[in-house]
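J.: A single structure is presented below for examination.
The values are calculated or read from the model by the stated rules, or taken from the named source; none is laboratory data. Keep in mind the model is a prediction, meaning the values are calculated, not measured. Ideal geometry is used to build each Cβ from the backbone, glycine not excepted, and the neighbour counts take in all protein chains shown. Accessible surface areas use protein heavy atoms only, side chains included; no ligands, DNA or RNA. Shrake-Rupley method; radii C 1.70, N 1.55, O 1.52, S 1.80 Å.
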Amino acid sequence: MFLGRIIGTVWATRKDENLVGAKFLIVRQLNLDYSEASNFVVAVDSVGAGVGEVVLVAIGSSARQTAFTRNKPIDAVIMAIVDKLDIVIQQSELMTSKN
Amino acid sequence: MFLGRIIGTVWATRKDENLVGAKFLIVRQLNLDYSEASNFVVAVDSVGAGVGEVVLVAIGSSARQTAFTRNKPIDAVIMAIVDKLDIVIQQSELMTSKN
Amino acid sequence: MFLGRIIGTVWATRKDENLVGAKFLIVRQLNLDYSEASNFVVAVDSVGAGVGEVVLVAIGSSARQTAFTRNKPIDAVIMAIVDKLDIVIQQSELMTSKN
Amino acid sequence: MFLGRIIGTVWATRKDENLVGAKFLIVRQLNLDYSEASNFVVAVDSVGAGVGEVVLVAIGSSARQTAFTRNKPIDAVIMAIVDKLDIVIQQSELMTSKN
Amino acid sequence: MFLGRIIGTVWATRKDENLVGAKFLIVRQLNLDYSEASNFVVAVDSVGAGVGEVVLVAIGSSARQTAFTRNKPIDAVIMAIVDKLDIVIQQSELMTSKN
């Protein structure tokens, strides 16, 4: 799963018939310090998440393993809302080589 | 799903027998301001989309979850036509670190 | 699917028993002006394609949705031979931001 | 599979109903010298791994092939804890071209 | 599939119960001139390949389509050992634009 923040919504009235009722959310990928990475995906919500929330997104066939998304042409699903990150090992402790 | 714009068509008469009737569209990936990213995919249309339209594309096994694409060697499908994007949180509001 | 050109062949006599008879082709990814991108994949042919031809390649589980590739450890298949690209919208028409 | 180190935990009380009991771990990808690469994933543990350990992560539908993850919206699983790497061929022995 | 060279082994005694007996090999991706690319994967062997050999690797669900890997949390498999590459079209013949 990747970490992201919901920043908006995609409106699409013409879509596959199985997608009626789907909520397409724009999720920008986050780094571990909550800064935004440059890429985003459009994901379907399965947990009642809203704009501004930090979430986990599952992609690929795993995105179809929820009650709403099963057997639908959906390749990204929001399956958890993040309360907090508990980062025990900081990057500086381990990094010795330049990346 | 990713956001893209249909910019053209691929003509292919010799193809897998299950692909007869498939419409191969060239979809260039879009950024959130509708500017074009550098990559593109060839996707099959399942919603009657045409050149110039902004669409959502599902990839992988999820691309086979439509009536037309099921059980076919297709890894990208256009499953929605975008009316508009509603971006509530601008990147500048959240970004504090350089990316 | 991605656009590619077949540039050669991989010879492999020791392989999974279900791969006997598979033709492994080296496919270099192409840009829309037919210039070559830097990456390549090894794909199995399902349409009688040969070296020099421009083709479409499907990857992942979709690569197993042909008569020959079904249930085999193959993650890329050539499923169409391209006659021509019909690019209606040029990148310069749409691009306003630097990418 | 990719090589990674567990550096922390994600807390998420609101999640898909099938994910109750899932332990979401933050895994940073490692290079072969154990230095950290820049990307990370959130993976579910299936082997009792803990923070600081070096592990293997399987992604995609393969992440659902464990007793705990089956049929769940999970796209990354920790399926092995690494004892050691035995690198026989050093990169300097083979590399002649600039990468 | 991608082209790689086996450069070492991963030892992991604590792993998913279905992975007992799996041989985890470190495979560095190769360019067409056999120089090494910077990325690597850990793959399971299904063809008796050993360190130093040039191989093909299938990833994703296709990695589970061998007798040994079926239904296991494995996302990369060595399914062929390469005898030789027969590259008919050199990049210099086709390239006209800078990549």
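J.: Report, in listed order, any pair from C:15/E:23; B:72/E:84; C:15/D:72; B:23/B:72 with a Cα-Cα distance greater than 25 Å.
T.: Violating the 25 Å limit, Cα to Cα: B:72/E:84; C:15/D:72.
J.: Partner chain Cβ atoms within 10 Å, averaged over the residues of B:29-40 - can you pull that number for me?
T.: Mean partner-chain Cβ count within 10 Å for B:29-40: 4.
J.: Between the label point of residue A:52 and that of the same position in each other copy, find the distances and list them shortest first in nm, with every label point placed 7 Å from Cα along the Cα-to-C-beta direction.
T.: Ordered by increasing distance: 3.9, 3.9, 6.3, 6.3 nm.
J.: Chain pair E, D: how much accessible area is buried, both chains summed, with a 1.4 Å probe, in Å² to 100?
T.: 2800 Å²
J.: Continuing with this model, one more query. Any chance you could check the Cα centroid distance between the stretch E:31-83 and the stretch A:1-54 for me, in angstrom?
T.: Answer, in whole Å: 34.
J.: Now a separate question. In debye to the nearest 20, how big a dipole does the protein assembly as shown give about its Cα centre with +1 on each Lys and Arg Cβ and -1 on each Asp and Glu Cβ?
T.: About 740 debye.
J.: Just round it to a whole percent: the fraction of Cα-Cα distances in the protein assembly as shown exceeding 35 Å.
T.: 32 percent
J.: So, with +1 on the Cβ of K and R and -1 on the Cβ of D and E, and no other charges, what is the size of the charge dipole of chain C about its Cα centre, to the nearest 20 debye?
T.: Once rounded to the nearest 20, the dipole reads 340 debye.
J.: Now for a different question. Which whole-Hz couplings ³J(HN,Hα) result when phi for each residue of the stretch D:68-81 is put into the Karplus expression 6.51 cos²θ - 1.76 cosθ + 1.60, θ = phi - 60°, listed in order with x for Gly and Pro?
T.: Listing the rounded values in order: 7, 8, 3, 6, 10, x, 10, 10, 8, 9, 7, 10, 7, 9 Hz.
J.: Solvent-accessible area per residue for the protein assembly as shown at a 1.4 Å probe radius, Å²?
T.: The answer is 40 Å² per residue.
J.: Still on this structure: Which listed residue (C:4, D:37, E:25) has the Cα farthest towards the positive end of the charge dipole for the protein assembly as shown, taking +1 on Lys and Arg C-beta and -1 on Asp and Glu C-beta about the Cα centre?
T.: The Cα lying farthest towards the positive end belongs to E:25.
J.: Further question on the same structure: Of all the accessible heavy-atom surface of the protein assembly as shown, with the other protein chains kept in place and a 1.4 Å probe, what percent is carbon and sulfur?
T.: 49 percent
J.: If each label sits 7 angstrom from Cα along the C-beta direction, how far apart, in nm, is residue D:17 from its counterparts in the other copies?
T.: When each copy's label point is compared with this one, the spacings are 2.7, 2.7, 4.4, 4.4 nm.
J.: Tell me the distances, shortest first, between residue C:70 and the same position across the other copies, using label points 7 Å along Cα→Cβ, in nm to one decimal.
T.: The answer, with the shortest distance listed first, is 1.6, 1.6, 2.5, 2.5 nm.
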